[in-house]
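**Q** Provided herewith is a single structure, encoded as structure tokens, for subsequent inquiry.
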Amino acid sequence: MIDNRYTQTINEIKAHERAVERMLETARSCEKKGKVIHMKNWIKGAVAASLAVAVTAGSVIGFNIFGGKAENAFVLKVGAVELSAEKNASIGIGEDKGLNLSEGSDSVAAFSVGMPMVCEGSGIKSVTYSVDSGKLIITCRRDNNPVIAGTEAEDNRYYPYGLSMTEEDRKELNAIIDSEAPDGATEEQNAAENAVYARYTQSAYSSVTFAYDNQKPEGSSFYYAGFAEDLSGKDYEYLKEHKDELYNVCGDEALFDEQKSCIEKLIGRTVHCTVAFDDGTEQKRDIVLGARVSTYSREYPEEYASLPDDIKADKDYKGVFVTYTLILSSK
């Protein structure tokens, strides 16, 4: 039985250890109860450390749109490395940054991958993301929701994802929890905790549109999530057969190639991106998720070069890196 736990993306505020359970209780009591995304069973810490891949970790997907007006160009940022159609960007492992896994049917996997992309350009009105399978999970404060339109998911199956909070809310929550006695919280403390969680909402979409000027407000998170059982029969059977490699937590280099294959089959999906400009035109690109075996020094050469010599050897780990590749839109 896998001991799952909550993971988070870089720049996301991790709630107190007890926060997830309280969030679940509050979410269940919120409106749209049937569409609440459950937040239990986070992946085992060692797995998060060896597979974590949220896109906030340090990539920039960047490209210009050719063939339209010169000013109608945009760049999708996910960190600090630019990406063109000829080069993909990757997210390193070992940083606890976001590929969340949990046991699905036959203990294979449900997954979520952080997608906190920010689009930049001139004359942009909105940015829309859509998927052909799986769901796009949005969490945010109720009083600062970046979503201006979307098609909500019709099912409420469990998708693992990370919980984000603003720094102010996280400090308030931790102060309440830290003041509790060892034998449990008082009614007043429970009410205070629930009041913090009630400021947040979660929704699942097949297509979602963000306002350009409020794409990722503080305290929000954006994930792409899915289930292994939604894959083709061949890929699903492969994951069932190789689930030990998928959940490998020991960093065994002999398993990297199989682990890469498992991750590719699990998250190898396409996210469609459509940018709407103020002049009424639109530009589209697709982002394909994949994986490769690599090293920290190869994926982050500038960061690696700046490290002190005495820690470079420990930092230059080898493992599976999740990749984000830009292609021409198929839609």
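Throughout, read-outs are computed from the coordinates displayed, never taken from laboratory work. From a predicted model like this one, the values you see are computed outputs, not experimental measurements. Reconstructed Cβ throughout: ideal geometry from the backbone, glycine too, with neighbour counts over all protein chains shown.
**Q** If the chain between GLU282 and GLU218 were fully stretched, how many nm would it gain, using 0.36 nm times the residue separation less the Cα-Cα distance?
**A** On the way: separation 64, 0.36 × 64 = 23.04 nm, distance 2.72 nm.
Fully extending the segment from GLU282 to GLU218 adds 20.3 nm.
**Q** On to the next question. Structure shown: which of LYS216/LYS318; LYS216/LYS315; LYS135/LYS284 lie over 21 Å apart, alpha-carbon to alpha-carbon?
**A** Where the Cα-Cα span goes over 21 Å, the pairs concerned are LYS216/LYS318; LYS216/LYS315.
**Q** All other residues with a Cβ under 13 Å from the Cβ of PHE210 taken together, and with Lys, Arg as +1 and Asp, Glu as -1, what is their net charge?
**A** That sum, taken over residues with Cβ under 13 Å, equals 0.
**Q** Could you list MET117, MET165 so that the one with the fewest beta carbons within 10 Å of its beta carbon is first and the one with the most is last?
**A** MET117, MET165
**Q** Can you compute the modelled spin-label distance between ASP316 and SER297, with each label point 7 Å from Cα toward Cβ, in nm?
**A** Modelled inter-label distance: 0.1 nm.
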